[in-house]
Amino acid sequence: MHPAYRRRPREASPATDAQKRVPTRKILPMSRHVGTLIFIIGLIGLLPAGCNMRSKARFKPYEPSAFFENNQLARPLEPNTVALGQTRVSEYFTTGRIDGEPAEAFPAPVTRAVLERGQERYNIYCAPCHGLTGYGDGMIVQRGFMQPPSYHTERLRNAPPGYFVDVITNGFGQMYSYADRVSPDDRWAITAYIRALQRSQNAALADVPPEQRPALEEVER
Ligand code: HEC
């Protein structure tokens, strides 16, 4: 083979290491500058977004606010506000009061369907505090909330139905209003069910129709 074509053995050149090191030292600081530059360009790009109306200060619902006198951000409803679909039929139907006095009668017949609806709503909205049977021993009370009075007292047994509708609508003392969660129909349905609860804890044999009394007496024996 002609010597020109012969593979020359690779010589380990002493320059190799130095060559490797020199560029390394030079490129690193350079690339750092490039990174900083890109970062700054990016920041400049973000600036207009920062001044955008999309990112204005905002408040969360029910956040406190020093701006209003009562320190609550959420504003109370204006008097006589009517939400869409919540027609205010009458003062009596909506609040349970006639000329400021609690109404003595239900606005519509109390049927089994009304009682069942009332029971379902009562168990959801009232039982957590008033207890399933109305003695004021609900779970929230057992966990420290103020104990409501029992429904099985002379005073509340004699309270007219409109009184209960009024308490649901406007709240009472420590109990807040349920007007935004319980519709007027349901306020009367719940009241009817509370009446049933009161009867369930305070019934006499005379309340049972005579033809059914023998069945009860048999149970007693
Ligand atoms: C978070 C607990 C809680 C819930 C839920 C609740 N109440 Fe009350 N309720 C109370 C407390 C506490 C009182 C007593 C308030 C006071 O005397 O300051 C009370 C009082 C009452 C009274 C008695 C008023 C009186 O003259 O003594 C009635 C009636 C009443 N609630 C009905 C209801 C009905 C109906 C519901 C369901 C729609 C309901 N409550 C839901 C806590 C609650």
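The values are calculated or read from the model by the stated rules, or taken from the named source; none is laboratory data. Just so it is clear, the model here is predicted, and its values are computed rather than measured. Here the Cβ positions follow ideal geometry from the backbone for every residue, glycine too, while neighbour counts run over all protein chains shown.
Here are the numbers for the structure shown:
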read-out	value
Residue match in region 200-216 (condition: within 12 Å of the ligand (Cβ to nearest atom) and either part of a helix (DSSP H, G or I) or touching a strand residue (DSSP E or B) at 6+ places or on another chain (Cβ under 7 Å) (or both))	no
Hits in region 141-171 (condition: under 14 Å from GLY96 (Cβ atoms), in a loop (DSSP other than H, G, I, E, B) and either in contact with a strand residue (DSSP E or B) (Cβ under 9 Å, 6 or more places away or on another chain) or among the hydroxyl-bearing types (Ser, Thr, Tyr) (or both))	ALA159, PRO160
Residue check for ASP185: more than 10 Å from the ligand (Cβ to nearest atom) and among the charged types (D, E, K, R)	yes
Count of region 100-140 residues which are surrounded by 12 or more Cβ atoms within 10 Å (Cβ to Cβ) and in contact with a Pro (Cβ under 7 Å, 6 or more places away or on another chain)	9
Pair list, Cβ < 9 Å and 6+ apart or interchain, from region 136-153 residues that are among the acidic types (Asp, Glu) to residues that are part of a loop (DSSP other than H, G, I, E, B) and within 8 Å of the ligand (Cβ to nearest atom)	ASP137/GLN147
Members of region 144-154 found to be modelled with pLDDT of 95 or more, more than 7 Å from the ligand (Cβ to nearest atom) and of a type outside the set (Ser, Thr, Tyr), listed by number	HIS152, GLU154
Unmet criterion (only one of (1) near the ligand (Cβ under 7 Å from one of its atoms); (2) free of Cβ contacts under 8 Å to residues at least 12 places away in the same chain; (3) closer than 18 Å to PHE93 by Cβ) for ASP180	(1)
Residue satisfying condition, being surrounded by 18 or more Cβ atoms within 10 Å (Cβ to Cβ) and of a type in the set (A, V, I, L, M), within set VAL167, VAL208	VAL167
Flag if ALA196 is in a helix (DSSP H, G or I) and not polar (S, T, N, Q)	yes
Number of the condition not met by ILE168 [criteria: (1) near the ligand (Cβ under 6 Å from one of its atoms); (2) out of contact with any Lys or Arg (no Cβ under 7 Å at 6 or more places or on another chain)]	(2)
Subset tally (residues that are within 12 Å of the ligand (Cβ to nearest atom) and either outside any helix (DSSP H, G or I) or of a type in the set (Val, Ile, Thr) (or both)) for region 107-131	3
Test: residue in region 112-135 that is over 18 Å from ALA189 (Cα atoms), at pLDDT 95 or above and out of contact with any helix residue (DSSP H, G or I) (no Cβ under 6 Å at 6 or more places or on another chain)	yes
